[in-house]
Amino acid sequence: MSGCRERKLSRPHTEWVPSGAGYFTSKFSISEESMKHISPTVIESFKSIAVYSGKPFTIADYGCADGGTSMPLMYACVEELRNLHGNELEIHINYEDRPENDYNSVFYYVQGLLPLSSSYLSDFPNVFVSATGTSFYEQCFPSDSVNLGFSCLAIQWLRKKPCNFTRAILHCFSEVPEERNMFAKQAEKDWEQFLLMRAKELAKGGRLALIIACTHGKETEGSVPALVIYKLLYNVWESMEKDKIISKKDMEEMTIPEYFRTREELVKPFLSDTSPVRNAGLNLVSMELKEFPLPEKAMWKITGNAKACARLMTEQTRAWSNSFFQSALSDHHSAEEKNSILDEFFYRLEEQFLLSPEDYMGVIWNAFMIIEKSRP
Ligand SMILES: C[S@@+](CC[C@H](N)C(=O)[O-])C[C@H]1O[C@@H](n2cnc3c(N)ncnc32)[C@H](O)[C@@H]1O
């Protein structure tokens, strides 16, 4: 790197700790309110989910990240199963994510080795934990073995990006209709694939409880969709190209393989009696769309501290997006160089948040779906 670039890249930055420190959970609070919202429905579901004598009750958390964010929900699930079925029922909690996920932290949280409220493993007998690094677009667990499948804010990640966007990083900001279409088609295929794989894994009478980041179209008056952050991400990444910190190729590769589906797209696989998903035995029990303000909004209201809000927004954004930006960087950058580039990128992002934090304190829409596999 040139002297000029080195100087630019040695600024103070948000800390990034990839493995074993519970980084994701310590920085990412966007899913907290949504998990609280679905919790009573999940607990109520245990009255309906079939329990088979002599078999463990298996819960799977798809796209679990470091497992810390879902711990309160998993704790409540174990507690309710104990209330309903006593200590004899063996409970198996399975964590699922991509192979490069921070599984060290998953086990540290579960074993109570990282600070968190409480772990079900230390508080209840007869609970077993395992993890898999198989993509949720494949079959991750044996057939008919999962009684409750859960997933939060993960299914918007596609199997692959079907193309790169022209002057945008997220599908809804591309001005090229063919690009948006290719993403919509990929998202349709991937949603069906996700459901078909779960149909194999679910035991009869088992359920899926899904929280899915989606779009709604009509935000409450005066609120901005949180997706505007993706526009800023594009502008900041572009500023890095202008300053020759990243190459034209790094710029072009930065298309985020996420897709925020509409209500119609989410219910489509369940509409026809003869669809592959219905044929595989899955039925939609309930669906709700709900709006949540980003957590920074509450902090801003209470403290009005722009610096702290900009820092929180940057850390949250880095927690979910670091791997996307890292994978856009070509391998002519060394691993160390990639880290410095990302530090610089998130430093610049924080500067932009600081200029007008309120512009980015938007709302996210989540779909809450309960899906049942046909009963015996
Ligand atoms: C925004 S995080 C959500 C984490 C956690 N469920 C929560 O809501 O706090 C999305 C997670 O989905 C995972 N993910 C994305 N694509 C996946 C795939 N194909 N298979 C398994 N996990 C995936 C990511 O690695 C990431 O940990």
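Taken together, the values in this text are just the output of simple stated rules run on the coordinates, not laboratory data. Only a predicted model underlies this, so the values are computations on that prediction, with no experimental measurement involved. Glycine gets a Cβ as well: all are built from the backbone with ideal geometry, and neighbour counts include every protein chain shown.
So here's what we get for this one:
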{"item": "Ranked packing of 42-52, 306-316, most packed first, by mean Cβ within 10 Å", "result": "306-316, 42-52"}
{"item": "Fewest-first sequence of Ser340, Ser145 by Cβ atoms within 10 Å of each Cβ", "result": "Ser145, Ser340"}
{"item": "For region 254-320, projected area of the alpha-carbon convex hull averaged over all directions, nm²", "result": "7.4 nm²"}
{"item": "Residue-averaged 222 nm ellipticity for the chain, from DSSP H runs of 4+ at -39500 (n - 2.57), nearest 500", "result": "-13500 deg cm²/dmol"}
{"item": "Distance cut-off 19 Å, percentage of C-alpha pairs in region 17-129 lying past it", "result": "45 percent"}
{"item": "Charge dipole (region 88-237, unit charges on Cβ, about Cα centre) - positive-most of Asn101, Pro125, Gly217", "result": "Gly217"}
{"item": "Long-range HN-HN contacts of Ile364 with modeled amide H, under 5 Å", "result": "Ala226, Phe292, Leu294"}
{"item": "Gyration tensor verdict on region 239-376 (Cα atoms; rounded if a/c is under 1.5, prolate if a/b is larger than b/c, oblate otherwise)", "result": "oblate"}
{"item": "Extension gain, Tyr52 back to Ser39 (0.36 nm per residue minus Cα-Cα distance, nm)", "result": "2.4 nm"}
{"item": "Dipole axis of region 23-373 (+1 Lys, Arg; -1 Asp, Glu on Cβ), positive-most option in Ile38, Pro293, Cys64", "result": "Ile38"}
{"item": "Counting all C-alpha pairs of region 23-373, share separated by more than 31 Å (%)", "result": "36 percent"}
{"item": "Electrostatic dipole magnitude of the chain [Cβ: Lys, Arg +1; Asp, Glu -1; Cα centre; debye, to 20]", "result": "400 debye"}
